[in-house]
Amino acid sequence: NNSEESDDGPNIVASGLGALANLTVHPENHVAIRDSGGIKKVVELLTASTHSRTKERAANCIENLALDRENRELVRMLGGTAALVKLLVSNNDSWVCSAAGALKNLSVDEESREEIAKNDGLRELIKMLSRADTARGDSSLEGLTTAKEIHWVIVGKSAECIGNFALEEAYRTKT
């Protein structure tokens, strides 16, 4: 029974994920969400949903839930890390921004860094840094403050994630 099949389903699911994302800001909720199967459901929605807002909000939930080590392990085991890397190559800036934030928090663990790199995520995160040029010089974005701001947020989250990789010698390039 897919709750997204009705016309209102995707919006209801996205709204529910938005509420859950608000709850995940508070670490005291992480264990209850994990123990009730919430992380599994969030990863399922991230990977299976075709609804734009649902994917974005699922990634927002993972960003907050990934502050907990056990949650990071579960997200990785359920395929969430690979799904987030796939969002980095999307044309949807909201997905890219949410995915970069979640990967930033997941990448504090060596195992997650390995999973991100195995799925070409490190390469994609490095590409995200070029969005600074877009935010700075794209004349089509003139007057679109929100569009420029999201590019800067993507750059910042990507840079923080890359910084987690830089802590490990295996990922640093030798000159």
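The values are calculated or read from the model by the stated rules, or taken from the named source; none is laboratory data. Since this is a predicted model, take the numbers as computed values, not measurements. All Cβ positions, even for glycine, are placed from backbone atoms using ideal geometry, and neighbour counts span all protein chains on display. Only protein heavy atoms, including side chains, enter the accessible area calculation; ligands, DNA and RNA are left aside. Shrake-Rupley method; radii C 1.70, N 1.55, O 1.52, S 1.80 Å.
So here's what we get for this one:
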item	result
Heavy atoms of residue 51 accessible to a 1.4 Å probe, total area in Å² rounded to 10	40 Å²
Residue among 24, 50, 81 with the largest mean-square fluctuation in a Gaussian network model of the chain, springs linking Cα atoms under 10 Å	50
Relative contact order of the stretch 1-134, pairs being alpha-carbon contacts under 8 Å that are 6 or more residues apart, as %	21 percent
Above-threshold pairs, the threshold being 26 Å between Cα atoms, out of 40/86; 41/127; 40/148	41/127; 40/148
For the chain, radius of gyration divided by Kirkwood radius, i.e. Rg to Rh on alpha-carbons	0.99
Positive-end residue of 37, 74, 54, charge dipole of the stretch 33-77 with Cβ unit charges	54
Within the chain, longest stretch free of exposed trypsin sites (Lys or Arg not before Pro) [DSSP loop, at most 12 other beta carbons within 10 Å]	1-171
The chain - charge dipole about Cα centre, Lys and Arg +1 at Cβ, Asp and Glu -1, debye rounded to 20	360 debye
Per-residue SASA entry for residue 154, accessible area with 1.4 Å probe, Å² rounded to 10	0 Å²
Top of 94, 15, 112 by mean-square fluctuation, Gaussian network on the chain, Cα under 10 Å	15
